[in-house]
Amino acid sequence: MKIKSRLIALAVSTGFPVTLIAESPNDLYRGEYLLKISVPGVPWPVTASSTYEPDGTLKEIDYLPAGNFLGIEGRAGYGHWSRTPSGQFVINYKTKLPNGQIRQVHALTTLSASGNELTGTATVKLLDKNGSVVDTKNVAVTGQRAASRLATKP
């Protein structure tokens, strides 16, 4: 703890932004984001919650209209994310659907300087039980960092 405090004091005294020394790029992206996914041909956005861990893993839950009594069903997808040299984030994950198909997502996002907003695009492929692509969509993604205790940095 003493070394980190000294680095922060040194950064402040020399005029460097503290975030460059006090937090890694992976910590900046860490947390939960509430997403809106615009799908061509669908009149309303699909909503999702995406949780990014510093080790590069992620969990995304898409919320879709369904036949249950609440009218909404969530499907969890698991994958990984990484930062490109240009500062963008590459996201890959898969979601197993109830009918045995797999939704495979490859996205490229940009995070705002504050770390609170993200924007990007994604290619979503629907694979049948044999792994063959049956549909592909290009979608737009926007998101806001969730304001919850779980999304805050330590």
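We did not get these values from a lab; they are worked out from the coordinates using the rules stated. Keep in mind the model is a prediction, meaning the values are calculated, not measured. Heads up, the Cβs are rebuilt from the backbone with ideal geometry, glycines too, and the neighbour counts pull from every protein chain shown.
At-a-glance table
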quantity: Cβ-based net charge around E117, under 13 Å, with every Lys or Arg adding one and every Asp or Glu removing one; calculated: +2
quantity: Net charge of Cβ neighbours under 12 Å - reference I102; Lys, Arg +1; Asp, Glu -1; calculated: +4
quantity: Radius 12 Å from Cβ of L127, net charge of other residues (Lys, Arg +1; Asp, Glu -1); calculated: +3
quantity: Residue-span extension gain [K129 to W44] - 0.36 nm each, minus C-alpha spacing; calculated: 27.8 nm
